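Novice: Below you'll find the structure I mean.
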Amino acid sequence: MADTMQGIKRSAYCAEIDEIYAGQTVTVTGWVQRKREMGPFTFILLRDRSGIVQAVVNESSPAEIIAKTKEIKSEYVLAITGKVNLRTEKNINPKMKTGKIEIAVEELRILNESETPPFQIEDSINVSTELRLKYRYLDLRRPVVSNNIIMRHKTAQAVRRFLTDEGFIEIETPMLTKSTPEGARDYLVPSRVHPGSFYALPQSPQLFKQLLMVSGFDKYFQIAKCFRDEDLRADRQPEFTQIDMELSFVEPEDVMSVNERLIKYVFKEIKGIDLETPFLRMPWQEAMDRFGSDKPDIRFGMELQDITDLVKDTDFVVFKSAIEAGGSVRCIVAEGCGSFPRKKIDSLVDVAKTYGAKGLAWINVLDGGFKSTISKFFDDEKLSEIAEKTGAKAGDLILICADKNKVVWDALGAVRLEVANRLELLKDDDYKFLWVTEFPLFEFSEEENRYVAMHHPFTAPMDEDIEKLDTEPQNARAKAYDMVLNGCELGGGSIRIHSREIQNKMFKCLGFSAEDAQERFGFLLDAFKYGAPPHGGLAFGLDRMIMLMTGAESIRDVIAFPKVKDASCLLTDAPNIVEDKQLEELGLKIDIKNNEEELS
């Protein structure tokens, strides 16, 4: 039978015990990391969330303790009471936080036994993600994962402190809301008391936080759980957490300023890093032209360069057709990569193709000449002009893409990052922030064959572009701003439309009829009748922020119980079937045959 905690209390966490405790009697609790027997001594490394401490039993210890020590195996749960002793100089372990002390065991309780775990509870393990997530409660014992979760907690607390001191009010918004499909798919929840009707889980608190501005809560924030039924990537989950905020009587600079101060405070509190503010500001068009991305990684150069004018008179059909179709010819210079073997260059071409490009042309700049896939179309004089304009020198590799601008941006932007990875230019502890501003208000969706909002339908156009809503909406710019860190969108926001008239124009540009707009968003439009103040806000992805702060490879490593790529939970086997009785109460019937046909 397992022992209990009756009559004893933990007096400190394992890794809190240091030289100050020397001579004191302490009680620690935790899991056995390892047991070592050396002659008359048995050493027990006990682990809790704070770290590891060493306890020692020797041959002069009470017989009961020696007997229990022999039973102990890895991951047994123990309570140990004993005297803290300083280690001798030669026995100090500098790799352990508690390496200068050890606990001489005076009482030992086995609170629970453990089977042999499916993997070792330590940081340097080589096991599949699937196995780790199936036994996530064991994976969370590993210091690297538990420390991520602890950092997440500390970050959330720092955010709350800062925003509270800035006069923000934390307000919770509903989890069961109305489905207003425009963007990612909603997760739907059937209603038992309203048969045939459904709630939607919120993709964000967007509409409610705008209503709070109408309500007079001029500074709102919330650390909000959100849901999107979309395909997963390394930095996405079907349920995720936002640091969400909205402010009244503001313009973009006001929102950006408070959020710079927030991030500066968080990084100082949590990482001990002093960030320089203000962050760089860069219009969307400049970001695309220079980096091929609206979330550029500015830790390195290798910027895109436009050589359309240099090659506009070519007979090379790839370049010629792209230019005639209104596209462009652009390139990057991969410094020192002229030595890449053909196989490596071909793999970069494959990267470009995955982003829609037909391929990449390349020029290897030699000492006194060139080697290139386009030599038959361009003589050395023209190749020399290209090298001179781009600043390429001997030993460099020029990678060229020609197509529609979006394809060129996407392809070269991805190739740029791939080359940087191969050259090991990206350092996790090099934090480079910037704001990307002046986004297009709309983007064309090939799938829906219409313009859709680049951010969301409630984003305000720039003041000077309001008239374009009636004449050339595709050229209107948004009062939007994204905070970018090391090539990841950390947070995004905008000034919102607070005028019912402009909001209706926005809906019209998106192809909504007046009736459809009223059906979907009538509660917001009606609220605007009663004095909506100018307002704007921003939301940070908390999961993504912690991923970047910890250097984790995926947001799965900073979420306690994450999903995998197919949005399932390997630990609980969710989603799963439910009983027929539950479906009957909801007025639902599952057509398995149709579902299988759709999936096949």
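Novice: Could you list all residues from the stretch 386-405 that are open to solvent by 70 Å² or more (accessible area, probe 1.4 Å) and either touching a residue at least 24 places away in the same chain (Cβ under 8 Å) or within 17 Å of VAL349 (Cβ to Cβ) (or both)?
Specialist: Of everything in the stretch 386-405, those that are open to solvent by 70 Å² or more (accessible area, probe 1.4 Å) and either touching a residue at least 24 places away in the same chain (Cβ under 8 Å) or within 17 Å of VAL349 (Cβ to Cβ) (or both) turn out to be LYS389, LYS393, LYS404.
Novice: Considering only residues that are over 30 Å from ALA552 (Cα atoms), open to solvent by 20 Å² or more (accessible area, probe 1.4 Å) and touching a helix residue (DSSP H, G or I) at 6+ places or on another chain (Cβ under 8 Å), which ones fall in the stretch 441-472?
Specialist: Across the stretch 441-472, the qualifying residues are PHE444, TYR451, ILE466, LYS468, ASP470.
Novice: What pairs can you find where one residue is in the stretch 468-488 and without any contact (Cβ under 8 Å) to a residue 40 or more places away in the chain, the other is surrounded by 20 or more Cβ atoms within 10 Å (Cβ to Cβ) and small (Gly, Ala, Ser), and their Cβ atoms are less than 7 Å apart, with a gap of 6+ or different chains?
Specialist: LYS468/ALA476
Novice: Let me ask you something else. For the stretch 418-442, what are the residues that are over 26 Å from LEU399 (Cβ atoms) and either in a strand (DSSP E or B) or modelled with pLDDT of 90 or more (or both)?
Specialist: Result: TYR431, PHE433, TRP435, THR437, GLU438, PHE439, PRO440, LEU441, PHE442.
Novice: Which of the helices (runs of 4 or more DSSP H) contained wholly in the stretch 493-600 include at least 3 residues that are touching a residue at least 12 places away in the same chain (Cβ under 8 Å)?
Specialist: In the stretch 493-600, the matching helices (runs of 4 or more DSSP H) lie at 500-509, 514-527, 542-550.
Novice: In the list GLY338, GLY292, GLY301, GLY327, which residue meets the criterion of being out of contact with any Cys (no Cβ under 8 Å at 6 or more places or on another chain), open to solvent by less than 60 Å² (accessible area, probe 1.4 Å) and on the phi > 0 side of the Ramachandran plot?
Specialist: None of the others qualify; the one that does is GLY292.
Novice: Only one of PRO252, PRO205 is in contact with a strand residue (DSSP E or B) (Cβ under 7 Å, 6 or more places away or on another chain), more than 28 Å from ARG556 (Cα to Cα), crowded, with 17+ Cβ neighbours inside 10 Å and modelled with pLDDT of 95 or more. Can you tell me which?
Specialist: Matching residue, one of PRO252, PRO205: PRO252.
Novice: From (1) among the aliphatic types (A, V, I, L, M); (2) closer than 22 Å to VAL255 by Cβ; (3) in a helix (DSSP H, G or I), pick out the condition that doesn't hold for VAL415.
Specialist: (2) is the only condition that VAL415 fails.
Novice: Applying the selection to the stretch 439-466, what residues are free of Cβ contacts under 8 Å to residues at least 12 places away in the same chain and in contact with a strand residue (DSSP E or B) (Cβ under 9 Å, 6 or more places away or on another chain)?
Specialist: Selection gives GLU443, SER445, GLU464.
Novice: Let me ask you something else. Take the residues of the stretch 110-142 that are within 21 Å of the chain's Cα centre (by Cα) and part of a helix (DSSP H, G or I): which is surrounded by the fewest Cβ atoms within 10 Å (Cβ to Cβ)?
Specialist: GLU130
Novice: On to the next question. For ILE44, are the conditions met, namely being open to solvent by less than 60 Å² (accessible area, probe 1.4 Å), within 15 Å of VAL105 (Cα to Cα) and not in a strand (DSSP E or B)?
Specialist: No: the conditions fail for ILE44.
Novice: Quick check on GLU230: is it closer than 24 Å to ALA480 by Cβ, surrounded by fewer than 17 Cβ atoms within 10 Å (Cβ to Cβ) and either over 18 Å from the mean Cα position of the chain (by Cα) or acidic (Asp, Glu) (or both)?
Specialist: So GLU230 passes the test.
Novice: Given the residues LYS427, LYS432, LYS479, which is the only one that is within 28 Å of the chain's Cα centre (by Cα) and either hydrophobic (A, V, I, L, M, F, W, C) or buried (at least 22 other Cβ atoms within 10 Å of the Cβ) (or both)?
Specialist: Sole residue among the options that is within 28 Å of the chain's Cα centre (by Cα) and either hydrophobic (A, V, I, L, M, F, W, C) or buried (at least 22 other Cβ atoms within 10 Å of the Cβ) (or both): LYS479.
Novice: Checking GLU438 against (1) more than 12 Å from MET506 (Cβ to Cβ); (2) out of contact with any helix residue (DSSP H, G or I) (no Cβ under 7 Å at 6 or more places or on another chain); (3) open to solvent by 20 Å² or more (accessible area, probe 1.4 Å), which single condition isn't satisfied?
Specialist: Of the numbered conditions (1) more than 12 Å from MET506 (Cβ to Cβ); (2) out of contact with any helix residue (DSSP H, G or I) (no Cβ under 7 Å at 6 or more places or on another chain); (3) open to solvent by 20 Å² or more (accessible area, probe 1.4 Å), the odd one out for GLU438 is (2).
Novice: So in the stretch 484-498, with the set limited to residues that are of a type in the set (A, V, I, L, M, F, W, C) and crowded, with 24+ Cβ neighbours inside 10 Å, which one is nearest to LYS264 (Cα to Cα)?
Specialist: Here the answer is VAL484.
Novice: May I ask you to list the residues in the stretch 269-294 that are polar (S, T, N, Q), farther than 26 Å from LYS154 by Cβ and in contact with a helix residue (DSSP H, G or I) (Cβ under 9 Å, 6 or more places away or on another chain)?
Specialist: SER293
Novice: Can you confirm whether the stretch 50-58 contains a residue that is part of a strand (DSSP E or B) and modelled with pLDDT under 95?
Specialist: yes
Novice: Can you tell me which residues in the stretch 200-227 are under 28 Å from the mean Cα position of the chain (by Cα) and either within 17 Å of PRO238 (Cα to Cα) or free of Cβ contacts under 8 Å to residues at least 12 places away in the same chain (or both)?
Specialist: Result: ALA200, LEU201, PRO202, GLN203, SER204, PRO205, ILE223, ALA224, LYS225, CYS226, PHE227.
The values are calculated or read from the model by the stated rules, or taken from the named source; none is laboratory data. Owing to the predicted nature of the structure, the values given are computational and were not obtained by experimental measurement. No Cβ is skipped: glycine too gets one built from the backbone with ideal geometry, and neighbour counts run over all protein chains shown. When the accessible area is computed, the model is the full protein with side chains, heavy atoms only, and any ligands, DNA or RNA have been set aside. Shrake-Rupley method; radii C 1.70, N 1.55, O 1.52, S 1.80 Å.
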